[in-house]
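Input: a single structure, listed below in structure tokens.
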Amino acid sequence: MSVATLSGSLAGMDFALSDELAALQQTVRRFAQEKVAPRARDIDQTGEYPQDIFDGLRDADLLGLCIPEEYGGSGAGIMGLTLAIEEVTKYSNVIGLMLLLTRLPTGPIMIAGSEEQKLKYLPGIASGESRAAFCLSEPGAGSDVAGMQSQAIADPDVPGGWILSGTKCWISGVSQADWFTVFAKTGDRASRHHDAITGFIVPADRLGVSRPRVDRKMGVKGIDTGEVVFDNVKLGPEDVIGAVGGFRLAMLGLNAMRPIVAARGIGLAEGALMYATEYVKNRAAFGSTIAHMQGIQWEIAKCATEIEAARLLTYRAAWLADQGKFTKEYVPMLSMSKYYAAEVAVKASGLAVQLLGAAGYMEEHPTEQWYRDARQLTIVEGTSQIQLGLIAKGVLGHDMWWD
């Protein structure tokens, strides 16, 4: 390739958001500043579900960002949802989770669901008339998904029907969900083969479904996390997502979610660093302010650089996911976004506490909330260690290679 050709190719690169995405970003930024910021501390302290914020998101048409227009959404895709989550989580990771739950349980349906399933379940999420949750983890099968024990056996009375039994735990949005996306063994419980696991849609009011326990959490309070029990729940063939033995569907859905989870980390890190920066600019010490100390400036600079690096990884991952590039060969790039943004969130929230000193440890400042909330991000939807394993596997297998 000639230098002239290379220069022309580089000239076509554009790091700016489209006009539509930039407008969406500004809309959500105003919503976050006016509606989310004033409520964030109260939501954390009471742990009550913020229905008023949900209603506000619904009225602003922000619940269907990732859902195609033909199913009642706005068609902004994963990139649009990523931008929105980044903005609201500057103040509240709970609201970021609220938006995330419009994509996590609907993802498998959008990827492999029937037209009937899409028409039945997606418009309600976009309009705010219904809510959903994603059921994968179990008491003995968190990161080890293939170790799940929930099982669906063929229903002898209904051709193509199933009877589901099992317990799912750590389910976000458990109390609010009107339906669940559930993965269970349709083969031998002891089998670790991926074709032994299938996805189902399970209405929350179906006979045999119960929610016996809500967890007491360290952070991200305001959206319940808890347990769902399925006791001989009857399901029809219309409740199967894609093909029987479609465990790959769960992985594709989670792969596409990486930038969405990463956006929660970016937003939290931004919110924490901005708050701490304003504090040190006004905190008098040694005849000046803390912000004049070079050591403080360097820490702020390093954190800001890491936030921007996380943003670039995340926006690239969202761009890939919107093109349907969330299969095996793209996993390293997708996992990098989630891993790095989550770790930056932990680092930035810790720095914010430290910059405020004793004040940062007190509940009168939101720094302690960001500090607690950040830890969740390194665990949910694939721990940081799982992401590192996926990245390493991609490099070892040359899915990510520089030659």
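Relative to the current alpha-carbon distance between GLU363 and TRP319, full extension at 0.36 nm per residue lengthens the span by 12.0 nm.
Computed from the C-beta positions of LYS120 and GLU20 and an R0 of 41 Å, the FRET efficiency is 0.90 to the nearest 0.05. Excluding same-chain neighbours fewer than eight residues apart, the aspartates and glutamates reachable from LYS302 by a Cα-Cα span under 17 Å are GLU270, GLU278, GLU343. Sorted from greatest to least, the principal axis extents spanned by the alpha carbons of the chain come out as 81, 62, 39 Å.
Neighbours of LYS328, meaning other residues whose beta-carbon lies under 10 angstrom from its beta-carbon, give a summed charge of 0 when Lys and Arg score +1 and Asp and Glu score -1. The slack in the chain from ALA146 to ARG375, taken as 0.36 nm per residue of separation less the alpha-carbon distance, amounts to 80.0 nm. With Cα atoms as the point set, segment 189-289 shows a radius of gyration and Dmax of 22.5, 73 Å. Report the FRET efficiency, 1/(1 + (r/R0)^6), for LYS281 and ASP61, where r is their Cβ-Cβ distance and R0 is 30 Å, rounded to 0.05. Efficiency computed from Cβ-Cβ geometry: 0.20.
Quick check on my link table: of LYS35/LYS90; LYS325/LYS393; LYS338/LYS393; LYS168/LYS221; LYS221/LYS393; LYS118/LYS325, which ones sit more than 23 Å apart, alpha carbon to alpha carbon? Listed pairs above 23 Å: LYS221/LYS393. Tilt of helix 115-127 relative to the longest C-alpha principal axis of the chain, in degrees (0 to 90, nearest 10)? It is inclined by approximately 40 degrees. Return one number: the angle in degrees, 0 to 90 and rounded to the nearest 10, between the long axis of the Cα atoms of helix 367-377 and the longest principal axis of the Cα atoms of the chain. That helix lies at roughly 40 degrees to the long axis. Using the Cβ-Cβ distance between THR327 and TRP298 with R0 set to 45 Å, the FRET efficiency from 1/(1 + (r/R0)^6) comes to roughly 0.65. Round to a whole angstrom and tell me the spacing of the C-alpha centers of segment 163-229 and segment 113-154. Answer, in whole Å: 7. Of the residues CYS169, CYS135, the one with the fewest other Cβ atoms within 10 Å heads the list, and the complete ranking is CYS169, CYS135.
The C-alpha atoms of the chain define a longest principal axis, and helix 19-31 lies at about 80 degrees to it.
Where a number appears in this text, it was derived from the coordinates with a stated rule and is not lab data. Please read all numbers here as calculations on a predicted model, not as lab measurements. All Cβ positions, glycine included, derive from the backbone under ideal geometry; neighbour counts span all protein chains shown.
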